[in-house]
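The values are calculated or read from the model by the stated rules, or taken from the named source; none is laboratory data. Remember, it's a predicted structure, so these values are computed and weren't measured experimentally. A quick note on method: Cβ atoms are made from the backbone with ideal geometry, for glycine too, and the neighbour counts reach across all protein chains shown.
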Amino acid sequence: MTRDEAITIYNTGQEFTVELLLKFSAEIEALKTRVQQLENQSAKDSHNSSKPPSSDGFKKKKTTTLRTSSSRSVGGQEGHNGQTLQKVEHPDHKIVHRVDGNCSCGFSLKDIEPTAYETRQVFDIPPIKIEVTEHRAEIKDCPNCGKQHKAQFPEHVTKAVQYGNRVKALSVYLMNYQFIPYERTQEFFNDIFSLPISQGTLVNFNKYCYNRLQDTEAFIKEQIKQSDVAHFDESGLYVKAKRNWLHVASTQDFTYYASHEKRGQIAMQDIGILPDFNGRAVHDHWKSYFTFSCKHGLCNAHHLRELKYVAEQYQQSWSNDMAKLLCEIKDKVDIEKIHHNCLDDKKLQDYKQQYDKILDEAAKANPPPQQKIEKRKRGRPKQTEPKNLLDRLRDYAHETLAFMYDFNVPFDNNLAERDVRMIKVQQKISGTFRSELGAKYFCRIRGYISTVKKQKFNVLDAIASSFLSEPVIS
């Protein structure tokens, strides 16, 4: 607006000028709100929100970790078990390198017995090839009556020519644990073993393993239902190029995966763990979890990132105070866990008072939003992000501090997030599942693999056990 235009508006009269100023003021406020929203959106990344690192883009700024430094030195700690090659007492092969020349005096050393040996050992993989085992079932005719009798083949030998269970187990291992796609799995068997296997056969191996693990999956599911503390999370999963949801329920010993079209309560009801779960569910405050009557615990790793965001974007000091307090309580709990089962009542009361005091300070910096009566809209007035975080920390204080009241409850939901992370790696490699059944195959088999890893079993042997006899988890 030029000066002449402003003078013209002023000369039109007081009423017109006031109305125009009010209009401009409303537009300015709307623009300021929009600018704030865009700045908030661009300010969020993996270090101060729940966004994954892959979403940070190419222009990543230097981020600071939420972890605090320890007194330990860099590298391997004193007393840790190192991993390096050690000579074995009984090697598989011995090659003697002889001294056949002459001494400097001219005497021949060819027939002289050695006085000692200097040894060096080489660890290597022997030539790999497929072994073919032929099973022969005897056929005998009774000399008395002429009746023919035939021996029984082993239960797993069903065809005239077939792949062995170790081949099947290795293919399932490569596709579901190492995330190698079908085509590259074919190349692996052809290059390493000179064994051509079709993609259809690989699919059948997965299907067979999936069917064999049906009872095992039910067992894992039941163990999680009966646990005192379980972790829950969900993440996007693409099936036939359409966004579905991967749901994970896990404990320190068991992992259960399920693929579903929905993310919220409908999916959780269909999966069937939370409706029957009476322990404490640790999660990231997704509202659908609170529709179930179990106890709850919130992930404080999420809270720390959000508190960092509030401090950086809104410059509100209470968020730093709350982050320090939560970390202080965690450190105290970690120390007390060594010799005690809980914090003493005085310490609990002191921490809770500090927690409430910080929330009171936050409330002063984040008053409830005001909305003019003449412009009232349906629903609650929109709140700022710091106010939303404040409300959560206040309304769910016991769930936030559950780790302080019960040492069995962890500080964060990292266990479930780690269990989800490997599925995301599979998605990055393969992009999408070609069918819903393929996603179900993967979820059941991967849940079994994650469970055996947690229980310190060898993954390949555990998969083979599901083909040969009974799975190691049952």
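Picking from residues in the range 251-283 that are out of contact with any Lys or Arg (no Cβ under 8 Å at 6 or more places or on another chain) and of a type in the set (A, V, I, L, M), the one that is farthest from His296 (Cα to Cα) is Ala258. Considering only residues in the range 280-320 that are touching a Cys at 6+ places or on another chain (Cβ under 7 Å) and among the hydrophobic types (A, V, I, L, M, F, W, C), the one that is surrounded by the fewest Cβ atoms within 10 Å (Cβ to Cβ) turns out to be Ala281. Applying the condition of being more than 15 Å from the chain's Cα centre (by Cα) and basic (Lys, Arg) to the range 415-444 and asking which residue is modelled with the lowest pLDDT yields Arg434.
In the condition set (1) under 23 Å from the mean Cα position of the chain (by Cα); (2) in a helix (DSSP H, G or I), Lys168 is compliant with all but (1). Restricting attention to the range 313-328, the residues that are touching a helix residue (DSSP H, G or I) at 6+ places or on another chain (Cβ under 7 Å) and within 26 Å of Asp233 (Cβ to Cβ) total 6.
Residues in the range 452-467 that are free of Cβ contacts under 8 Å to residues at least 60 places away in the same chain, buried (at least 19 other Cβ atoms within 10 Å of the Cβ) and either in contact with a Cys (Cβ under 7 Å, 6 or more places away or on another chain) or of a type outside the set (Gly, Ala, Ser) (or both): how many? Matching residues across the range 452-467 total 1. Taken as a whole, the range 284-296 holds at least one residue that is in a loop (DSSP other than H, G, I, E, B), modelled with pLDDT under 95, closer than 19 Å to Ala416 by Cα and of a type in the set (A, V, I, L, M, F, W, C). In the range 425-449, the residue that is nearest to Glu261 (Cα to Cα) out of those that are among the small types (Gly, Ala, Ser) and surrounded by fewer than 19 Cβ atoms within 10 Å (Cβ to Cβ) is Ser435. In this entry, Phe277 passes the filter for residues that are aromatic (Phe, Trp, Tyr) and either more than 30 Å from Gln223 (Cβ to Cβ) or buried (at least 19 other Cβ atoms within 10 Å of the Cβ) (or both). When you scan the range 181-199, how many residues do you find that are more than 15 Å from Glu131 (Cα to Cα) and part of a helix (DSSP H, G or I)? Residues flagged as more than 15 Å from Glu131 (Cα to Cα) and part of a helix (DSSP H, G or I) within the range 181-199 amount to 9. Of all residues in the range 247-264, those satisfying the criterion of being buried (at least 17 other Cβ atoms within 10 Å of the Cβ) and within 19 Å of Lys225 (Cβ to Cβ) are His247, Val248, Ala249, Ser250, Thr251, Phe254, Thr255, Tyr256, Tyr257, Ala258, His260.
Within the range 311-359, being in contact with an Asp or Glu (Cβ under 7 Å, 6 or more places away or on another chain) and of a type in the set (A, V, I, L, M) holds for Leu343, Ile358.
In the list Gln383, Gln370, which residue meets the criterion of being in a loop (DSSP other than H, G, I, E, B) and either at pLDDT 95 or above or under 29 Å from Lys295 (Cβ atoms) (or both)?
Gln383
Scanning the range 389-414 for residues that are over 22 Å from the mean Cα position of the chain (by Cα) and in a loop (DSSP other than H, G, I, E, B) yields Tyr396, Leu401, Asp406, Phe407.
Does Ser49 count as closer than 26 Å to Arg421 by Cβ and either loosely packed, with under 10 Cβ neighbours inside 10 Å or at pLDDT 90 or above (or both)? No, not satisfied.
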